[in-house]
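My questions all concern the structure below.
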Amino acid sequence: RLGSFLLFPSIGLGMEFDDNIYRTENDRESDFVAHVAPELRLVSDWNNHELELRANLEAGRYFDNTSEDYADWGLETNGRVDVSRSTQVFGGLQYEGLHEDRGSPDGAVGVEPTEFDRATASIGASHRFNRITVTGEGRFVQLDFDDVRAGGGGHINNDDRDRDVWIAAAQANYEIVPAYQAFVRAVYNVRDYRLGTDDFGIDRDSDGIEVVVGTEFDLTGVTFGNVFAGYRSQWYQDDSLDSIDGFAFGGQLTSNFTPITTGQLTVRRQIEETSVNTAEGFWSTSVRATLDHELLRNLVLRGGLAYYLQEYEGIDRDDDVFLATAGALWQANRHLGFGATYTFESRDSHGQAAGTEYDDNRVMLRVTGRL
């Protein structure tokens, strides 16, 4: 405790074996990776309002392939002001230094992974009128990608991926009965690339909308979640790019099957940005399921399955990405935890513009200490 704040420091140390660090179909390269992940969270302990500050680092050091070393970091603050019992104002700022995974479809094939900075600012407000709650939010995201050294010499240009994204969203919820709400949400976005055209001579600036209706529910705390469906469209400044539009949907369901077993299912279909060839973008449909089982009071078994379908628009390419995880977490005491996780990842790519296919196996052993 620091006055009216609570400080949560933690550090994670891990050792990982990855049998395909470059995510290639042939000539697979394996390596051991040492991880360190310190984090500090400062959280207010007030009756009203809320403020949180967070700083974190996730660094990986490869034993043999040191060009793959990375150090992702982030600084974040977010808060809420309770103007009244029915009105809140909220917002946040975040700055991150990150790197692209070798399996990223947009990742440049350079000597080292592509690094990029992401800055995010948001502000919004929420007000409740009897059974109706109205929420509005504005968000700004700035992405800045670094150039990377090419294998044959020179550099790979990533400046044409730098962009600013502006998002405005509004949502209205209606409480039908306690624990059941219907809602309608509208989102408008503007994607503004800093260069007039990319390396293919295409202007990728675009505008987009999403309008959905859905429901939020809580079945006596045992099963709760939300589902929604609607329409999504993204249209582009360049005449050579066709607009992308279609059915959008999503939802999340959490169920406590027993007091010691919890499952979660998440589904989402949305339009993602891409710099692959002359594609406008791609529809990303994801299905993720996780299961946690408390085998002992301080031993939790965890498993997960995920499937991602990436359907590119403007080029002949579809990707199927499959992810499976299994692991265990043993909490030795309130300060020290030990974990082990196995991850299998696979990508199949189809079509004339198909990307790299690969399988990857990773095993991670981790110890986390916290106060």
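Can Val43 be described as free of Cβ contacts under 8 Å to residues at least 40 places away in the same chain, among the β-branched types (Val, Ile, Thr), part of a strand (DSSP E or B) and touching a helix residue (DSSP H, G or I) at 6+ places or on another chain (Cβ under 9 Å)? Quick ask: steps written out before the conclusion?
On the way: free of Cβ contacts under 8 Å to residues at least 40 places away in the same chain: yes; among the β-branched types (Val, Ile, Thr): yes; part of a strand (DSSP E or B): yes; touching a helix residue (DSSP H, G or I) at 6+ places or on another chain (Cβ under 9 Å): no.
Taking the combined requirement at face value, the residue does not satisfy it.
Give region 89-126 a look and list any residue that's of a type in the set (D, E, K, R) and crowded, with 17+ Cβ neighbours inside 10 Å, or say none.
We begin by selecting, within region 89-126, every residue of a type in the set (D, E, K, R); these are 96, 100-102, 106, 112, 115, 117-118.
Across region 89-126, the qualifying residues are Glu100, Arg102, Glu115.
While we're looking at this one, here's another question. Among what's in region 264-287 and is among the hydroxyl-bearing types (Ser, Thr, Tyr) and modelled with pLDDT under 90, pick the residue that is farthest from Gly214 (Cα to Cα).
Residues of region 264-287 among the hydroxyl-bearing types (Ser, Thr, Tyr): 266, 274-275, 278, 284-286.
So of that shortlist, the ones also modelled with pLDDT under 90 come out as 274-275, 278.
On the way: Thr274: 28, Ser275: 32, Thr278: 34 Å.
Top of the filtered list is Thr278.
Kindly indicate which of Arg61, Arg28 is assigned to a strand (DSSP E or B) and open to solvent by 50 Å² or more (accessible area, probe 1.4 Å). Break it down into steps so the answer makes sense when it comes.
On the way: Arg28 fails: assigned to a strand (DSSP E or B).
Every option except Arg61 fails the conditions.
Can you find a residue in region 328-342 that is within 24 Å of Ile202 (Cβ to Cβ) and surrounded by fewer than 16 Cβ atoms within 10 Å (Cβ to Cβ)?
As a first pass, look at region 328-342 and keep what is within 24 Å of Ile202 (Cβ to Cβ): none.
So far as region 328-342 goes, no, none of its residues is within 24 Å of Ile202 (Cβ to Cβ) and surrounded by fewer than 16 Cβ atoms within 10 Å (Cβ to Cβ).
Can you pull out every residue in region 195-218 that is farther than 21 Å from Phe282 by Cα and either aliphatic (A, V, I, L, M) or open to solvent by 60 Å² or more (accessible area, probe 1.4 Å) (or both)?
If we filter region 195-218 for residues that are farther than 21 Å from Phe282 by Cα, which is where we start, we get 195-196, 213-218.
Those that are farther than 21 Å from Phe282 by Cα and either aliphatic (A, V, I, L, M) or open to solvent by 60 Å² or more (accessible area, probe 1.4 Å) (or both): Leu195, Val213, Glu216, Asp218.
Given the conditions (1) touching a Phe, Trp or Tyr at 6+ places or on another chain (Cβ under 9 Å); (2) at pLDDT below 95; (3) open to solvent by 60 Å² or more (accessible area, probe 1.4 Å); (4) not aliphatic (A, V, I, L, M), report the number of the one that Arg366 does not fulfil.
Among (1) touching a Phe, Trp or Tyr at 6+ places or on another chain (Cβ under 9 Å); (2) at pLDDT below 95; (3) open to solvent by 60 Å² or more (accessible area, probe 1.4 Å); (4) not aliphatic (A, V, I, L, M), Arg366 violates only (2).
In region 288-324, how many are open to solvent by less than 60 Å² (accessible area, probe 1.4 Å), among the β-branched types (Val, Ile, Thr) and either modelled with pLDDT of 95 or more or closer than 20 Å to Asn361 by Cβ (or both)?
2
Yes/no per residue for (1) open to solvent by 30 Å² or more (accessible area, probe 1.4 Å); (2) outside any strand (DSSP E or B); (3) within 30 Å of Glu68 (Cα to Cα); (4) touching a residue at least 40 places away in the same chain (Cβ under 8 Å):
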position	(1), (2), (3), (4)
Arg128	yes, no, no, yes
Val134	yes, no, no, no
Leu143	no, no, yes, no
Gly152	yes, yes, yes, no
Asp164	no, no, yes, no
Gln171	yes, no, no, no
Ala182	yes, no, no, no
Ala186	yes, no, no, no
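Does His35 satisfy the criteria of being of a type outside the set (Phe, Trp, Tyr), within 19 Å of Asn78 (Cβ to Cβ) and either out of contact with any Phe, Trp or Tyr (no Cβ under 6 Å at 6 or more places or on another chain) or surrounded by 15 or more Cβ atoms within 10 Å (Cβ to Cβ) (or both)?
Numbers: of a type outside the set (Phe, Trp, Tyr): yes; within 19 Å of Asn78 (Cβ to Cβ): no; either out of contact with any Phe, Trp or Tyr (no Cβ under 6 Å at 6 or more places or on another chain) or surrounded by 15 or more Cβ atoms within 10 Å (Cβ to Cβ) (or both): yes.
Considered against the rule, which asks whether it is of a type outside the set (Phe, Trp, Tyr), within 19 Å of Asn78 (Cβ to Cβ) and either out of contact with any Phe, Trp or Tyr (no Cβ under 6 Å at 6 or more places or on another chain) or surrounded by 15 or more Cβ atoms within 10 Å (Cβ to Cβ) (or both), His35 comes out as no.
Which ones in region 230-282 are surrounded by fewer than 17 Cβ atoms within 10 Å (Cβ to Cβ), among the polar types (S, T, N, Q) and not in a strand (DSSP E or B)?
Gln237, Ser240, Ser243, Asn277, Thr278
Continuing with the same structure: Can you name every residue in region 16-69 that is of a type in the set (Asp, Glu) and within 26 Å of the chain's Cα centre (by Cα)?
The first filter runs over region 16-69 and keeps only residues of a type in the set (Asp, Glu), leaving 16, 18-19, 25, 27, 29, 31, 39, 45, 50, 52, 58, 64, 68-69.
Of everything in region 16-69, those that are of a type in the set (Asp, Glu) and within 26 Å of the chain's Cα centre (by Cα) turn out to be Glu16, Asp18, Asp19, Glu25, Asp31, Glu39, Glu50, Glu52, Glu58, Glu68, Asp69.
The values are calculated or read from the model by the stated rules, or taken from the named source; none is laboratory data. Just so it is clear, the model here is predicted, and its values are computed rather than measured. As a convention, Cβ positions derive from the backbone with ideal geometry for all residues, glycine included, and neighbour counts pool all protein chains shown. Only protein heavy atoms, including side chains, enter the accessible area calculation; ligands, DNA and RNA are left aside. Shrake-Rupley method; radii C 1.70, N 1.55, O 1.52, S 1.80 Å.
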